[in-house]
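Please read the structure below before turning to the comments.
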Amino acid sequence: MPGSRRMILKHVMTSIWTRMHRTKEIPSDIMETPLNRCLNTFDITLLGIGHMVGAGIYVLTGTVARDIAGPGIILSFFLAGFACILSALCYAEFGTRIPKAGSAYIYTYISIGEFCAFVIGWNILLEHMIGAASVARAWSGYVDSLFEGVISNTTMAVTGELHEQLLGRYPDFLACLVCLTYASLLGIGVKGSALVNSVLTTINLCVMVIVIGVGFYYANWDNWTYVQGGFLPYKFGGVIAGAATCFYAFVGFDSIATSGEEAKNPSFSIPVATIISMSIVTLGYVLVSAALTLLIPYYDINPNAALPEAFAHVGMHWVKYIISLGALCGMTTTLFGSLFSLPRCIYSMAQDGLLFQFLGNVNDKTQIPLTNLVISGVLTSLIALLFDLEKLVEFMSIGTLLAYTIVSASVIILRYRPTFEATKRNISSPSSEYSVSTSEVTSPGSEINLTGTLRLKYSWLAPIFGRFQAGSAVSGATLVFIIFSAALCILLQVSNRDLENGIWWSVILAAIFIFIMASCILVIIAHHQDTSTILRFKVPMVPLIPAVSIFCNIEFMVHLNILTWLRFFVWMVLGMLIYFLYGIHHSKMEEVNSSYLVLMTSAEAVKGKWGSTTRTNLKNALFRRKSSADRKAIIDGEESD
């Protein structure tokens, strides 16, 4: 009996493990969708710019410059932008491969598996919900500052203060109303909302040009050289910490990939819009932060109204009104971007069966997931009503960085994974497989696909990696690279002083981690990439660019507060309950619906009939064996006669 229980438990666990790692095939009718394909490259570019240029430039810049990096905020924005550009390139390739709503979720589903896809999708929902709520909070706070605190003082006088640590000082009814209003505007349809976004983003860009031009005209270069601490008052560690915070300003670029299912020509528009928007936004953030720190010493910056007071410092009071216009337009487009992306991610997960089915409905008239939009607006408005802006920003960053890390890893995995046709031609023997690879090099006309197999010049690695199935060694090396990147980043964070002082154990440990990471890159490079898939855009220098992106994202993650990780853990527990109680059973990839068939091996499950019981299948199997044995005995007997 105990042996039977172990066997049943083994079957159940094997089945669950298989279902968690099943991957989704790219549909043949990739361009078919119930959504409205009406967005051109210009619309998508301004959608990405509008989502990124908002609260970051008008709220975040002052805080980072005064308290974290000083004038070194320029380097912080450059590093954060560089890290995001690397991730954006990976998103652009996937947007070309798979022009579907869902962004990183759908990419992970196709490349890694269902469970990781759900984790990423669940965190994308968190990212966009908190992103929208935090921007609404910033929008409300900015309007309140224009009226010299009348709104907040009146609210606290009526409702009193909230004394919980995670909650804001007072319930922000204006932020709640803003979320509901903008969600309603998005209900008019994707083309109409894209037009509104384009107008507001254009106004915001014009304001940025004015701020940069006037700021450099009145610049005082002594603020970078002769002020307390010079250009890097918080040293290079402050620059890195500032980059981890400034990363929040760039998180909106994934809205470009989310719009892939509504783009007219996604294979062209997604990569072009990604590169143009990231370049413009990075340059804009660097120049605006430079103008700010040149106008006023970093320690005199007011984090609540950094740009208006900086221009007032040089007597340019009229710029305050222009900045206020740009701030409201910028934060509005950022809020639009989050509320645009959130219902489409929910729609994509519901279409695959991982979330409740009614969330996958699309309105016939507007051709948008209207139910999701209503739910998104209500949830974000409640979060904006109650929670504190700073805590929201920290909480959002961890899910975003995790998604970027997985997408970068997915690019490597897919580049070295053979297609289905190539898999069918694989040679079963490892030695013969390598000999086929060798002959393929000498005979270019051969049709055998070498993707995921060792290159000829790395034949010295064949005794170790030659026995692996094509593509699996690269997947394993990518996983090991991620693990030791995390270990190295934690070491740099925890033992920073020991490394600076040259303590032997920390230096040796860091050297070991770096050696293992470099070895993983070498193993990946030693294999053949997929050259059969023709795309209009591919990430250059794979695996180097995705690997650097992975390391940068993990480095930013380890700088987050421990309380942020604890809150993230609570969010993940809730997600796991939804997946294992609902998603894994209702997934469109689910092929076995009978609970009895779960107890059988995969081979038996294929042979079993729908609705049959374990006893029936076992009985049939016994009778088949007996009858075949009897027939064999009779035949043997006849032959002996």
Cross-link table Lys320/Lys365; Lys100/Lys457; Lys100/Lys235; Lys24/Lys365; Lys100/Lys320, entries beyond 32 Å C-alpha to C-alpha: Lys320/Lys365; Lys100/Lys457; Lys100/Lys235; Lys100/Lys320
Packing-based ranking, highest mean first, of 183-195, 312-324 given that Cβ atoms within 10 Å are counted: 183-195, 312-324
³J(HN,Hα), Karplus 6.51/-1.76/1.60, whole Hz, each residue of the range 371-388, x for Gly, Pro: 4, 4, 5, 5, 4, 4, x, 5, 5, 5, 5, 5, 5, 5, 5, 10, 9, 7
Cα gyration tensor category, rounded, prolate or oblate, for the range 1-102 with a/c compared to 1.5: oblate
Ranked by how many other beta carbons lie within 10 Å on average, peptides 129-138, 292-301 from highest: 129-138, 292-301
Tensor-based shape of the range 164-284 (alpha-carbon gyration tensor, a/c under 1.5 rounded, otherwise prolate or oblate): prolate
Cα centroid separation - the range 75-107 against the range 500-526, whole Å: 27 Å
Amide hydrogen neighbours beyond the local backbone of His527, cut-off 5 Å, H modeled: Arg455
Interchain or long-range residues, amide H under 5 Å from Lys24's placed H: Ile110
Separation in nanometres of the label points that stand 7 Å from Cα toward Cβ, at Phe356 and Cys206: 4.5 nm
The range 119-201 shape via C-alpha gyration tensor axes, a/c threshold 1.5: oblate
In order through the range 138-153: 3J(HN,Hα) via Karplus (6.51 cos²θ - 1.76 cosθ + 1.60), integer Hz, x for Gly, Pro: 5, 4, 4, x, 5, 5, 4, 5, 5, 9, 6, x, 5, 5, 5, 5
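What's the FRET efficiency of Ser184 with Trp504 using the Cβ-Cβ distance as r and R₀ = 51 Å, to the nearest 0.05?
So, using R0 = 51 Å, E works out to roughly 0.20.
A short reminder: the numbers here are calculations on the coordinates, not readings from a lab. Note that the structure is predicted; figures quoted are calculated from it, not measured. Counting neighbours? That spans all protein chains shown, and the Cβs are built from the backbone with ideal geometry, glycine included.
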